[in-house]
1. Per residue of the range 194-200, in order, report the coupling 6.51 cos²θ - 1.76 cosθ + 1.60 (Karplus, θ = phi - 60°) as ³J(HN,Hα) in whole Hz, putting x for Gly and Pro.
2. Which of the pairs Lys142/Lys272; Lys171/Lys259; Lys125/Lys269; Lys171/Lys269; Lys192/Lys259 have their Cα atoms more than 22 Å apart in this structure?
3. Quick one: Karplus J couplings for the range 323-336, per residue in order, coefficients 6.51, -1.76, 1.60, θ = phi - 60°, nearest Hz, x for Gly and Pro?
4. Can you tell me the order of 112-124, 347-359, 295-307 when each peptide is scored by its average per-residue count of other Cβ atoms within 10 angstrom, highest first?
5. Tell me which residues come under 5 Å, amide H to amide H, from Ile257 once H is placed; ignore anything under 5 positions away on its chain.
Amino acid sequence: MKTILNSRCKPESDFCIFTKKLVPLAKSSKHTSALQEVDGIPQPEFISQSALQKAMAKRRIQPSADELLAGILAHDKTALSRAITLIESTNPDHLTKANTVIQGCLPHANRSVRIGITGVPGVGKSTFIEAFGSYLTQLGKKVAVLAVDPSSSISHGSILGDKTRMEELVKDENAFIRPSASGDSLGGVARKTRESIILCEAAGFDTIIIETVGVGQSETAVHSMVDFFLLLKIAGAGDELQGIKRGIMEMADAVVINKADGDNVAKAKLAKTEFNRALHLFPAKSSGWTPKVTTCSAFEKTGIDAIWELISDYLTLVQSNQYFDQRRQEQNQYWLMETINEQLMQRFYHHPEIAPLLEQNKKAVQNHELSPFAAASIVLKKYFKED
């Protein structure tokens, strides 16, 4: 055949491959069995280049700090999301802009109730928050959920699936859900959750819910930024033993036994009794509040109203005895020191003289040429000398 269209062949090969059949070619003087591509009919473009260029151009336009601030104060969720992305950025160039936005939001913050919710994986935190948040929006509240998802220590990625789980709440106009990766934070809290609270309050949200990764001694990070700390439990999973352990139970202002539905109702009531007994073993809280234990079913949306009533009773007490304001002041001081520690670490690890020296000393420690203490001393002396 003399005319070949849309083919892949080699002039010296025996056959040329068409889309539907093989066509024999004339033998060439130099015969090999390899195949070679030749120009064929170009494939049509599946993406509109003009639409792609417009989208990319729009993405490259970054709003200024004043524009972000104006959007937040106008209760624009898009501006709020972009501002949170800005403050979560690890790019040093974004720090000044982020601080400007946070500073502008401060006069409009501190006008919300901050609720921390934690519990073991599988306890139903996301389902509970959706049921609880939907109940609050029905009461006329504006709810912001800052959900922290665990990050992989291997790939450092996160699925951030809380919006998928809260499919009803995410469509509520009076709700805002922001999933964030925990990163290397031990407390199950994203690096900039504290600043995100300020932005959400400035955007008009009067109830801030922080969902954490899970239970552990490092959950003190959550306790240090909320007004009310709620611990979710499930019955029938050996969890009752945790009631006599200190740490997380001492911080809880309320223990809620979730999944109290179906055949699990009797087990939930028994767990409630066990936790009530355990709570009496702990010393009285400085707030004057006695932690309560209750049950609920986030799936059936039962017992949710009793939980909000319990939280309201707590707020009435701590606001009347001035503990609420005292606690907020203590939290501000705590996060001042945490921010100083964080920025010192960032400045240290990003120092141009320190990075190569640190790698060099790491290898020396690995090869047993230096002790970790001697290596640390060398690196720190270099850092303080440079500064």
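Where a number appears in this text, it was derived from the coordinates with a stated rule and is not lab data. Being a predicted model, the structure only gives us computed values, none of them experimental. We place every Cβ from the backbone using ideal geometry, glycine too, and count neighbours over all the protein chains shown.
1. 4, 6, 5, 4, 4, 5, 5
2. Lys142/Lys272; Lys171/Lys259; Lys171/Lys269; Lys192/Lys259, as the Cα separations exceed 22 Å there.
3. 5, 4, 5, 4, 5, 4, 5, 5, 5, 4, 5, 4, 6, 4
4. 112-124, 295-307, 347-359
5. The answer is Lys233, Thr294, Thr295, Cys296.
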